[in-house]
Amino acid sequence: MSLVNFTNLDFDQIKVSIKDYLRSNSNFTDYDFEGSNLSVLIDMLAYNTYIASYNANMVSNEVFIDSATLRENIVSLARNIGYIPRSRKASSANVSFFIEVTDSTIKTITLKSGLVCTNNNFGKTGYVFSIFDDITVPVVNGIASFDGIDIYEGSYVKINFTVDPNNKNQRFILENIGIDTSTLKVLVRDTEASSSAKKFINSSNILDVTSTSRVYFIQEIEDEKYELIFGDGVFGEKLNENNYIDVSYLLCNGSNANGCSLFNFSGTLIDDRGNNITQGISLVTTNITSTNGSEIESINSIRNFAPRAYSSQNRAVTASDYETIIPKIYPESESVSAFGGEDLDPPQYGKVFIIIKPLYGSFLSNSIKDNIKTKLKKYSVAGIVPEILDLKYLYLELDSNVYYDSNSVISGDAIRTKIINNVTTYAKSDELNKYGAKFKYSKYQKLIDDSDSSITSNITRVQMRRDLRVSLNTFADYEICFRNKFHIQNVNGYNIKSSGFNISGVSRPVYFGDLPNADKATGSIFLFYLDSSISPVIVKSNVGTINYLTGEIIINPIKIISAEKNDGGTPIIEISAIPESNDILGIQDLYLQIDINKLSISMLLDNVESGSDTSGFNYITSSSYLNGNLVRN
């Protein structure tokens, strides 16, 4: 029988192939009769072949990191190229409390390691917060104050192993699921009875490991568990027979524990005599709500970063190397963009600029930036200076008129709710929440159309917006880049619009406006206000320039007294424009975000589709262009 080339795993195709073979053999004559015994045997053979082919196909898929679906296989393939996936990360909070001590002979109070607080937030209960080490404070004037204590969500677990001399293949597996590996502490004693212990630290590579380095290596194995690997006497100190290993770590709930702000004290306090203290404990004050908890690295992230980490070889040389290394040293990063200073205008050679979108919040604190730059030193090439820039958002404001069949069984409001839910999900998806993202206009329209079967069409208009953070009561110049071409809708000006702000000498709010030059590539910026008839009155011309081709606005030195809008207490001026293309790119340092708060969905009856107005005489049309106000509300 010649080899049959199956184009797909189809039971009927396999069955036909077997019959074709039998048809060429005159010894069998009833193979094509469905009621015959031979036909039943053919079905069984085809079924067996189908199952075997399916299993072979699935097994071959699991051999490659791009096609594997089981986490343990993807992790194993990543491990072969030296990539260790990020573990779950415990959420942390900062709290304070104090103890009133009536006994004047007590000099110190110690808060024991382990459980400290339980959270008491409505709808978010059941999380416990712990510390890793004892904290001792002095008693001053009858008060022992525990100020600014960092507590971490999770249960503090301690386990131990004994090195078995008779087991040459002994493995040290941490059986729990949900371990935050950054909290691991490993101590090794000569024997269980020994009082002194040697501390072993985690090592991510072997380049600086010697035969006496007290290090351990960690790897993820099946079922999201972890295994500790110790040195062999060449790379790392080798363990001896009957060595006793103490391991402690946190079992946490990752991002689920973020947002806890109410805590009850549940820890253990002892005085300098060893007595427990249960009286005089104040309420717990929350300084910082729990944040920075994250889930174990997803399989899609492993697929993406494992090959890139392998190509960088733990060295930051190119911009893409920085994009790979940053998530390793700062796991709370959602997306990272890096580019060389040579790409700037004017160029800044010898520098690499990094922008990080954190998982929680909009910006990184200066302390986190400094910590990241310190950790980057062991990866960076000498002579290249990393600079971490603040995040810049390019907001998308979407205005849709959605037509639906008037014979629909559900109301327009219900359809609108479904659309908003779908758009919100899309706004949070990996497709947009990354640097270099692209808003695809046709896909967005399809998302709306697919929200309900009664929707017949939609007309969606797009605006893009940047928020200019201003310095009050001081002369400053500003540059704001959209990096997407502006559409010149009105050659007489007012193609951009802004929120209001105040300058000295003008008693009412003023706004930015633009006036194109004859080349329609550049223009000038002016200030205007609205009089009682809502007519614009130009206050001052040539206060800046605009480039419609690059989407860049430059404001000359100006003293702003106040602004109508603010972002977390920081005064801002919202500036928006209509893009030349409805496909918007988040280029270089810009991070795309759909502003759900500015999302507009208007439901309109499609009487033509429903048959109640077949002539279309009363059909309500929608313009594809944005018209209207000169200012932002």
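Would you check which residues across region 433-473 are more than 24 Å from the chain's Cα centre (by Cα), within 28 Å of residue 487 (Cα to Cα) and loosely packed, with under 14 Cβ neighbours inside 10 Å and list them? The answer is 442, 446. Screening residue 430 against (1) touching a residue at least 40 places away in the same chain (Cβ under 8 Å); (2) crowded, with 18+ Cβ neighbours inside 10 Å leaves a single unmet condition, (2). A Cβ distance below 6 Å, combined with a sequence gap of six or more or placement on separate chains, defines the contacts here; from region 508-524, residues that are within 13 Å of residue 555 (Cα to Cα) reach residues that are among the small types (Gly, Ala, Ser) in the pairs 511/498; 511/500; 512/498; 513/493; 514/493; 514/523.
Listed by first and then second residue, the pairs with beta-carbon distance under 6 Å, at least 6 apart or on different chains, first residue in region 128-144 and under 18 Å from residue 115 (Cα atoms), second of a type in the set (Lys, Arg), are 134/112.
Residues are listed down the side, and each one gets a yes or a no for (1) among the hydrophobic types (A, V, I, L, M, F, W, C); (2) surrounded by 15 or more Cβ atoms within 10 Å (Cβ to Cβ); (3) touching a Phe, Trp or Tyr at 6+ places or on another chain (Cβ under 6 Å); (4) within 30 Å of residue 153 (Cβ to Cβ):
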residue	(1), (2), (3), (4)
164	no, no, no, no
168	no, no, no, no
175	no, no, no, yes
194	no, no, no, no
197	yes, no, no, yes
208	no, no, no, no
212	no, no, no, no
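Can you find even one residue in region 545-561 that is surrounded by fewer than 16 Cβ atoms within 10 Å (Cβ to Cβ) and small (Gly, Ala, Ser)? The answer is no; no qualifying residue exists. Scanning region 123-157 for residues that are in a strand (DSSP E or B) and at positive phi yields 126, 148. Filtered by the rule that a residue be assigned to a strand (DSSP E or B) and farther than 16 Å from residue 239 by Cα, region 174-219 gives 174, 179, 180, 181, 182, 183, 184, 185, 219.
For residue 131, the criteria (1) over 26 Å from the mean Cα position of the chain (by Cα); (2) β-branched (Val, Ile, Thr); (3) modelled with pLDDT of 85 or more; (4) more than 22 Å from residue 264 (Cα to Cα) hold in every case but one, which is (4). Selection within region 433-457: residues that are of a type in the set (A, V, I, L, M) and touching a residue at least 40 places away in the same chain (Cβ under 8 Å). The member of this set that is nearest to residue 406 (Cα to Cα) is 455. Right, residue 107: within 23 Å of the chain's Cα centre (by Cα) and not polar (S, T, N, Q) or not? No, not satisfied.
Checking each residue in region 552-582 for being among the small types (Gly, Ala, Ser) and closer than 18 Å to residue 492 by Cα picks out 576, 577.
The values are calculated or read from the model by the stated rules, or taken from the named source; none is laboratory data. Just so you know, these numbers come straight off a predicted model, no measurement behind them. Using ideal geometry, Cβ is built from the backbone for each residue, glycine included, and neighbour counts are taken over all protein chains shown.
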